[in-house]
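To keep things clear, I will list the structure first and then write my remarks on it.
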Amino acid sequence: MELKAQWQAWAQKVAALSLRERVLILLTGLVLVGAIGVYGWLDAADTRLSQDRAALTAAQRDLEILDLENQGKQARLARDPNAQVREQLVRVDADLARLDAELKAQTVDLIPAREMPAVLEALLSRSANLHMLSLTSLKPEPLMAGEQKVNLFRHGIRLQLEGGYFDVYQYLKALEALPRHFYWQRFDYRVEEHPKAAVMMEIYTLSTSKEFIRG
């Protein structure tokens, strides 16, 4: 009832106003309503602008991440996938070359395997009373186990002779006096019919080649 009374009182006051005052009040109300509408629109626009700015920032961040990922992929593509393998091969080749040089240094003063039969026969030809019964090449034996690209092989020869003690002694002395030496593996001296003796000896040299000695 009180609110209704207040409304009636306000309506009476408006009715008592002049036309000019009524127009001013109407315009003022319209301006207030318009201001409220404009304020609401500006507030909504500001909210949308803030959302757009946040979305733009997120999009820029995503773009930067994609760019970094792309740079990483380009770097991986530019990198040679076989570079590490090639480096390992270079190191292996260097190790093999060094090992080969070391092995050859160990055989520099030895009689080459291919020359051994000829050297033994040449020395034997100097003695008229010493005869060769047989000369057999032994199978080369690798000194390092496994399938090595570079290895050292032992090349042996089994030599059987027949002759007197003095003749055998001179032959052995000539062998030991050679400028290039070899290794003794086995020596067997037996007197079968005096003064003749049967001699069997095995000698060997070293080589990086596994080619069989042809006797």
Quiz item: Summing +1 for each Lys or Arg and -1 for each Asp or Glu, what net charge is found among the other residues whose Cβ lies under 14 Å from the Cβ of Pro179?
Solution: -2
Quiz prompt | Protection proxy ranking of 116-128, 161-173 - average other beta-carbon atoms within 10 Å, highest first | solution = 161-173, 116-128
Quiz item: How much of the accessible area of region 108-198, probe 1.4 Å, is carbon plus sulfur, in whole percent?
Solution: 51
Exercise. Sort Tyr183, Tyr204 by accessible area with a 1.4 Å probe, largest first.
Key: Tyr183, Tyr204
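The values are calculated or read from the model by the stated rules, or taken from the named source; none is laboratory data. In this text, all values refer to a predicted model and were calculated from it rather than measured experimentally. With ideal geometry, Cβ positions are generated from the backbone for all residues, glycine too; neighbour counts draw on all protein chains shown. Ligands, DNA and RNA are excluded from the accessible area calculation, which covers all protein heavy atoms including side chains. Shrake-Rupley method; radii C 1.70, N 1.55, O 1.52, S 1.80 Å.
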